[in-house]
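So the structure is just underneath, and the comments pick up after that.
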Amino acid sequence: MISKKEAARLAKRTLSTRRYEHTRNVEKLAVRLAKQNGVDEEKAALAALLHDIAKELPKDRMLQIITENDIIAQGAARRLPPVWHGAAAAVLAKTEYGVDDEEILSAIRCHTTGKPHMSKLDKVLYLADMASYERTYPEASTLREHALQNLDKTMVEALGMSISWLKETGKPVDELSLQAYAQLRAELYGGTASEVQERFPQD
């Protein structure tokens with residue numbers, strides 16, 4: 001399996017300067033969140049370093065990768081294009097870089113959308129990506145602060161925020177994000193997932 005040092009070198013030579021900076025910022029926050037929440041820091045670092053490794057590939061190349069590796073990509077080719085890069089990165093992590101740890105692959109795959117019943121590592125990477133240190137939107141620093149205090153509550157906050165942003169700008173919301181929000185909110189605050197999901201009905 002690719003080492004953390006090798007993954008960092010891969011990211012540096014593969015990604016643009018801006019995307020590489022983001023990747024290293026995600027790594028820093030992911031490791032911090034992992035330490036705070038009893039998550040393997042090495043897994044968090046590796047997942048962060050590889051999470052956007054396919055981000056700058058052409059859309060047709062991403063689609064080819066996830067179509068040809070549908071089991072690893074878990075049907076991502078049938079979902080919205082903005083989520084393809086996470087699935088493609090998971091495919092490359094497994095097939096090209098020898099990552100066979102399903103926990104790491106899962107975190108990479110769902111870092112944009114979330115999913116129901118996320119592991120702690122899934123949550124760590126999702127929040128580290130959404131609130132990484134170069135993010136300039138006003139809520140980013142608040143999310144970072146909240147994530148260090150309570151991972152689960154901040155996941156509900158972050159998913160709700162992301163879904164609201166997409167809806168407000170007229171962009172489609174991936175079904176997994178809605179399911180993740182509904183499941184986690186119901187788990188933390190009561191009610192059923194279907195009841196909670198009514199807050200964000202699909203158009």
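Derivation of every value follows stated rules applied to the coordinates shown; laboratory data play no part. The model shown is predicted, which means the values in this text are computed figures rather than measured ones. Positions of Cβ are backbone-derived with ideal geometry, glycine not excepted, and every protein chain shown enters the neighbour counts.
Positive contributions from Lys and Arg (+1) and negative ones from Asp and Glu (-1), summed over other residues with Cβ under 12 Å from the Cβ of L92, come out at +1.
Once you reduce segment 16-84 and segment 133-198 to the center of their Cα atoms, the two points are 19 Å from each other.
Note on the chain: helix-only mean residue ellipticity at 222 nm, from DSSP H runs of 4+ residues weighted -39500 (n - 2.57) and normalised by residue number, equals -20500 deg cm²/dmol.
In plain terms, the C-alpha convex hull of segment 4-197 casts an average shadow of 10.5 nm² when viewed from every direction.
Pairs K115/K153; K5/K123; K28/K115; K35/K120; K4/K59: which exceed 19 Å Cα-Cα?
Correct reply: K5/K123; K28/K115; K4/K59.
Taking the Cα atoms only, what angle lies between the long axis of helix 41-50 and the longest principal axis of the chain, rounded to 10 degrees? With both axes taken from Cα atoms, the answer is about 80 degrees.
Remark: the K28-T169 segment gains 47.8 nm on full extension, using 0.36 nm per residue and subtracting the alpha carbon distance.
Please identify the longest segment of the chain free of exposed GluC sites (Glu not before Pro), where exposed means a DSSP state other than H, G, I, E or B and no more than 16 other Cβ atoms within 10 Å.
Counting at most 16 other Cβ atoms within 10 Å as exposed, the longest clean stretch of the chain is 135-197.
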